[in-house]
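J.: One structure coming up, written as C-alpha cells, with questions to follow.
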Amino acid sequence: MSKRRIASTERIREQIDVLFADPEQELGAMLEEVARLSVRLVMQAALEAEVTEFLGRERYARGERSRAGSRNGSSPLTVKTTAWAVELARPKVRGSLVRFSSRLLGKQVTKTKALESLVIAGWVRGLSDRDIEAALGEALGREATVSRSTVSRICETVKVEFDAWRQRDLSAVELDYLFVDASHFRMHPGARSEPVLVAYGITTEGAAVFLHLDGVAAESTDASVAFLRSMVARGLRAPLLMICDGAPGLCDALDQVFPQSRRQRCLVHKARNVLAKVSHDDQDAVKADFWGIFSLPDEIRPGPAALAQARCRAETFADTWRKRYPSAAACVLDDLDLLVAHLAFPREHWTRVRHTNLIERTFGETRRRVKVIGRLPGERSCLSLLWAVLDRAAHGWRGITYTPAHVRHLQTLRHGAQLATQQPALLKETAQTAA
C-alpha cells in the first residue's frame, strides 16, 4: 500500500511506536511527545469517524452505499490550543449531493480549548460517551459539537481494544521471567488510593511482553491469586523466576499459583526498606555495602558458587552494621534466599531480573500526570489510562539477549523445576504401591 493511502490515524500510531522503540529517548521527554501525538490521534480519529458516519461505510468498504460520495484525500489543518498547535488532516469528500462539513471543526474551533477538553474528558474520565459530548459542547457550542453516534464510535473502538487485550489467549506465551508489581491510585469518592496490579514478562526468546493489568481492592492474597489465575485461565504457564516487591499478599499468591517457580525479591524495594532503618549520615555507606552483596566478580559463575559468595558478603554486611543498625542487618538476612534467587540464572540476565524497575518508571510517570487531577473518576477510567500508557510503552521495552549457552542454562533450570514438582507425587505413588 502506498504511503498516501494509509489512514492519518495509522500514521500517527506509527510515530508513537517509533518513539517508544528508540532506546536513546529520555523517558520524560518521550512521554511528553507521546502525549502530543495522542492528542492528534484522538482528534484525527474523531474527524475520520465523522466521514464514516456521513458516508455510512468504513474506509475501503464495498457494497451498498447509504449515501453517494467517496473519500477524496485530505488537506492540512492546524488547530491552535492553549498548550500547542496540532497538525491534522482535514478529510475531503467528493461526489456527494450534500456538502460534507465537520461539526467538530466548527467556527472558531481553532481558537478554543476543545482539544484539552476532549483529552481531559475522554482519556482521563474514561472515554465516556456523555462526558466527551458534554465537554465538546461546552468548548465548541451545541451547534458545533459532534453527534452522539460519532462519540460512541470513537469510544467503542478504544473499549473494544482494551477489553480484547484483557481477554486474549496467552497459551502461546512461554515465560522465563514474570514480573508483577502494583501502584496505587485514587479511584473512588472518599476512598484511599487503591492498588492496580500489572504483570509483564520475558519470554523464552528474550522478548518483553505486557501480560495483564487489573484493579484490586487490596494487595491481599485472595485478590492477587485471582489476578494471577485470570492469566492462567487464558493459558499462561509457570515461569522459571517470578520477580515482585515484598507485599505479603502478592508473595503468597505467587507461591500458591506457581509453586514450582522460584521467586526473587526486588532488590530496589529491599534497598529502600534497609535504608529506612538507617540514619541519614550512614545511608550512602550502607547503600554501597548493600549493593556490594550482589556485585560479584566476573570470574564467579551463576549457581552454587555465586550463591555462596553472596551469602558470605551478606554476613559481612551484617557484621559491619549489626551493632549500629540491628534491624537493617536483620532485614537483609531474613530475606536472603529470596534476594539471591536471580544468581542461579545466566549472569548476563542478573541486572534485569533482580528488580521491577522497568514498570516502576512508567508508573511514576503516570502518577505524575494524574496528580493534578486528584481522583480519577472510577476504576474503569484509571485502568483505561494506565493501559493506554503501558500498551504503547511496551512496544519500546527492551528484552534480554539470549545466547545458545543461556538457552541451555535455562533449559537445565526448567528441567530441574519439573523434577522437583514431580518428585513428591512419585514418592507418594511409591509409598502407596509398597503398602
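The values are calculated or read from the model by the stated rules, or taken from the named source; none is laboratory data. The model shown is predicted, which means the values in this text are computed figures rather than measured ones. Note that we place each Cβ from the backbone using ideal geometry, even for glycine, and neighbour counts take in every protein chain shown. The accessibility values were calculated without ligands, DNA or RNA, using every heavy atom of the protein model including side chains. Shrake-Rupley method; radii C 1.70, N 1.55, O 1.52, S 1.80 Å.
J.: Can you name the condition, by its number, that residue 202 falls short on among (1) touching a residue at least 40 places away in the same chain (Cβ under 8 Å); (2) out of contact with any strand residue (DSSP E or B) (no Cβ under 9 Å at 6 or more places or on another chain); (3) open to solvent by less than 30 Å² (accessible area, probe 1.4 Å); (4) not polar (S, T, N, Q)?
T.: (2)
J.: Only residues that are without any contact (Cβ under 8 Å) to a residue 60 or more places away in the chain, surrounded by 18 or more Cβ atoms within 10 Å (Cβ to Cβ) and in contact with a strand residue (DSSP E or B) (Cβ under 8 Å, 6 or more places away or on another chain): list them for the range 37-59, please.
T.: Matches in the range 37-59: 40, 44, 47, 48, 51, 54, 55.
J.: Here is a further query. Considering only the range 244-278, how many residues are in contact (Cβ under 8 Å) with a residue 40 or more places away in the chain, of a type outside the set (A, V, I, L, M) and not in a strand (DSSP E or B)?
T.: 11
J.: Right, next: Given the residues 209, 196, which is the only one that is assigned to a strand (DSSP E or B) and at pLDDT 90 or above?
T.: On the way: 196 fails: at pLDDT 90 or above.
It is 209.
J.: Continuing with this model, one more query. Of 99, 90, 62, 71, which residue is at pLDDT 70 or above, open to solvent by 30 Å² or more (accessible area, probe 1.4 Å), assigned to a loop (DSSP other than H, G, I, E, B) and not polar (S, T, N, Q)? Explain how you work it out, then say what you get.
T.: On the way: 90 fails: assigned to a loop (DSSP other than H, G, I, E, B); 62 fails: at pLDDT 70 or above; 71 fails: assigned to a loop (DSSP other than H, G, I, E, B).
Just one listed residue meets the conditions, 99.
J.: I'd like to check something: does the range 313-332 contain any residue that is assigned to a loop (DSSP other than H, G, I, E, B), surrounded by 15 or more Cβ atoms within 10 Å (Cβ to Cβ) and touching a strand residue (DSSP E or B) at 6+ places or on another chain (Cβ under 9 Å)?
T.: There is no residue in the range 313-332 that is assigned to a loop (DSSP other than H, G, I, E, B), surrounded by 15 or more Cβ atoms within 10 Å (Cβ to Cβ) and touching a strand residue (DSSP E or B) at 6+ places or on another chain (Cβ under 9 Å).
J.: For the range 171-189, check the following and say yes or no: at least one residue is under 17 Å from the mean Cα position of the chain (by Cα) and among the charged types (D, E, K, R).
T.: Yes: the range 171-189 contains one or more residues that are under 17 Å from the mean Cα position of the chain (by Cα) and among the charged types (D, E, K, R).
J.: Looking at this structure, is residue 335 in contact with a Lys or Arg (Cβ under 8 Å, 6 or more places away or on another chain) and either at pLDDT below 95 or open to solvent by 30 Å² or more (accessible area, probe 1.4 Å) (or both)?
T.: Numbers: in contact with a Lys or Arg (Cβ under 8 Å, 6 or more places away or on another chain): yes; either at pLDDT below 95 or open to solvent by 30 Å² or more (accessible area, probe 1.4 Å) (or both): yes.
Here the answer is yes, as residue 335 does meet what is asked.
J.: Let me ask something else about it. Would you pick out the residues in the range 168-184 that are open to solvent by less than 10 Å² (accessible area, probe 1.4 Å) and assigned to a strand (DSSP E or B)?
T.: The initial filter retains those residues of the range 168-184 that are open to solvent by less than 10 Å² (accessible area, probe 1.4 Å), namely 170, 175-181, 183.
Answer for the range 168-184, where residues must be open to solvent by less than 10 Å² (accessible area, probe 1.4 Å) and assigned to a strand (DSSP E or B): 175, 176, 177, 178, 179, 180, 181, 183.
J.: Which residue pairs have Cβ atoms closer than 8 Å, lie 6 or more positions apart in sequence or on different chains, and pair a first residue in the range 309-321 that is closer than 14 Å to residue 337 by Cβ and modelled with pLDDT of 95 or more with a second residue that is small (Gly, Ala, Ser) and outside any helix (DSSP H, G or I)?
T.: Partner pairs satisfying both residue conditions: none exist.
J.: Out of curiosity, is residue 194 touching a strand residue (DSSP E or B) at 6+ places or on another chain (Cβ under 8 Å) and over 24 Å from residue 328 (Cβ atoms)?
T.: Details: touching a strand residue (DSSP E or B) at 6+ places or on another chain (Cβ under 8 Å): yes; over 24 Å from residue 328 (Cβ atoms): yes.
When the stated conditions are applied, residue 194 passes them.
J.: Run residue 48 past the list (1) part of a loop (DSSP other than H, G, I, E, B); (2) modelled with pLDDT of 75 or more and report the number of the one that doesn't hold.
T.: Against the list (1) part of a loop (DSSP other than H, G, I, E, B); (2) modelled with pLDDT of 75 or more, residue 48 comes up short only on (1).
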